[in-house]
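A.B. asks: Got a structure for you, written out below as structure tokens; questions coming shortly.
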Amino acid sequence: MDRAGLDPAATLLVIGVHQEELSFGEGVATALLDPGDLPDVAVLRVPEGISGRHPRPDQRFRYQVQHEALYRQIRRAAGRRHLLIDLHRGTDDGGPCADIICGDGHLLAALGRRRRDDSRVRLVGLGDAAGGRRSGVLAAHTVIPRDVWDSPDFLFVGLEVYIPSGNGGSANDWAFAADLIKDIIAAAQAGTPEHKSPTNDEGTPWPGPARTRSTARP
């Protein structure tokens, strides 16, 4: 994976970090780009992603090393961009629904205003962006290297879309994810979010293998 032939668009959508999720990412990319109204989005396909299954205890160290190496490779391939969106797929019988994960409180606040009445979307903050339940932003920590999710070269946003089954999803699932991506891009373009440094690692780990979201709202 390198920058050769990669469109120098302002927004980079990364799909297939977990190999089982690539087909879902392809469906979302098609739904997002087919209308032709988002010319400034490029797609980075990870052709040989890591497994999204829980590693055995004796496999955890190797899994973590592979995970960190893959994300640093993605950072090198991405170069300097305004926005990098890392798309993942989880399962929820009540889906489609989603978590938007970011280390920038300004962007999360803007998304909160855009999705104020949408109970299907949760906002999750990394580091200082975690404002607690009263703010509507949940807290998380991530195994993604800090020099990726808090990179000065782009604004990193994780998008975890939960669908009823663990396959590639349906046209409705893809359209839901594509609409969220458009909202993320619009919110990021509305201003220049500040990159915040983390002060703690409290919260739920993200992303983790075989993620399943409860339909109960926080």
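Bear in mind these aren't lab numbers, they're just calculated from the coordinates by the rules spelled out. Since the structure is predicted, the reported quantities are computational estimates derived from the model, not experimental observations. Using ideal geometry, Cβ is built from the backbone for each residue, glycine included, and neighbour counts are taken over all protein chains shown.
A.B. asks: Between D128 and A171, what length in nm is gained on full extension when 0.36 nm per residue of separation is reduced by their alpha carbon distance? List each step's numbers first, then the result.
C.D. replies: Numbers: separation 43, 0.36 × 43 = 15.48 nm, distance 3.56 nm.
Contour length minus Cα-Cα distance gives 11.9 nm.
A.B. asks: Something else now. Going by the alpha-carbon gyration tensor, a ≥ b ≥ c the square roots of its eigenvalues, is segment 71-157 rounded (a/c under 1.5) or, if a/c is not under 1.5, prolate (a/b greater than b/c) versus oblate? Don't skip to the end; give the middle numbers.
C.D. replies: Values: a/c = 1.91, a/b = 1.49, b/c = 1.28.
Judged from the Cα gyration tensor, segment 71-157 comes out prolate (a/c at least 1.5, a/b above b/c).
A.B. asks: Same structure again: Could you compute the FRET efficiency for E68 and D153, with r as their C-beta to C-beta distance and R0 at 22 Å, rounded to 0.05? Please list the in-between numbers first.
C.D. replies: Values: r = 17 Å, r/R0 = 0.78.
Computed FRET efficiency for E68 and D153 comes out at 0.80.
A.B. asks: Assign one of three labels to segment 11-206, namely rounded, prolate or oblate, based on the Cα gyration tensor with a ≥ b ≥ c the square roots of its eigenvalues; rounded applies when a/c is under 1.5, prolate when it is not and a/b is larger than b/c, and oblate otherwise. Please report the intermediate quantities before stating the final value.
C.D. replies: Numbers: a/c = 1.21, a/b = 1.03, b/c = 1.17.
Here segment 11-206 falls in the rounded category.
A.B. asks: In segment 11-206, what % of DSSP beta bridges are antiparallel (nearest 5)?
C.D. replies: Numbers: 7 of 38 bridges.
Here the share of antiparallel DSSP bridges comes out near 20 percent.
A.B. asks: Dipole size in debye (nearest 20) for segment 11-206 around its Cα centre, Lys and Arg Cβ +1, Asp and Glu Cβ -1?
C.D. replies: Numbers: 22 positive and 27 negative charges, 70 e Å.
My answer is approximately 340 debye.
A.B. asks: Follow-up. Which length gain, in nm to one decimal place, applies between V143 and Q19 when the Cα-Cα distance is subtracted from 0.36 nm times their residue separation? Each step should come with its number before you reach the end.
C.D. replies: Working: separation 124, 0.36 × 124 = 44.64 nm, distance 1.75 nm.
Going from the current span to full extension adds 42.9 nm.
A.B. asks: Continuing with the same structure: To the nearest 0.05, how large is the calculated FRET efficiency for R76 and L33 if R₀ is 35 Å and r is the Cβ-Cβ distance?
C.D. replies: Details: r = 24 Å, r/R0 = 0.68.
After rounding, the FRET efficiency stands at 0.90.
A.B. asks: Something else: Expressed in nm to one decimal, what extension gain is obtained for the pair R60 and Q189 from 0.36 nm per residue of sequence separation less their Cα-Cα distance? Walk me through the numbers on the way to the answer.
C.D. replies: Numbers: separation 129, 0.36 × 129 = 46.44 nm, distance 3.82 nm.
Between R60 and Q189, full extension yields 42.6 nm more.
A.B. asks: Under 8 Å for C-alpha pairs, at least 6 residues apart: give me the relative contact order for segment 11-206, rounded to a whole percent.
C.D. replies: Details: 376 pairs, mean separation 56.1, N = 196.
That works out to 29 percent.
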